[in-house]
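Just below is one structure, and these are the notes that go with it.
Derivation of every value follows stated rules applied to the coordinates shown; laboratory data play no part. Everything quoted here is computed from the prediction, not taken from an experiment. No Cβ is skipped: glycine too gets one built from the backbone with ideal geometry, and neighbour counts run over all protein chains shown.
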Amino acid sequence: MDAAVKDGLAAGIKQVVLIAAGYDTRAYRLAPADGSVRFFEVDLPDASHRKRALAKKLKLCKDDDALPTYVAADLSVVDLGDALGPAGFNPAQ
């Protein structure tokens, strides 16, 4: 999975969506330091809120702007596109 993300980054993608992100660390390890790529982490609301709090507590990013965009959504209830849209995902990119 890391290789696929790295290949995409090298090809110039501007957004990465990680579904059922759990405690995956790709957004922290692979995001370019210049903020040129936006990572979206989609997970169940409870898991998403816990991860956000843990990431801040552990200071996984130097500032909050470098954190991925957490999308708290139960995909058995809501469509992925409907969950990503309000979070700022741009399907044209």
For peptides 57-65, 20-28, 8-16, sequence by mean Cβ density within 10 Å, most packed first: 20-28, 8-16, 57-65
Looking only at lysines whose Cα falls under 18 Å of Lys51's and that sit 8 or more positions away or on another chain, we get Lys59, Lys62
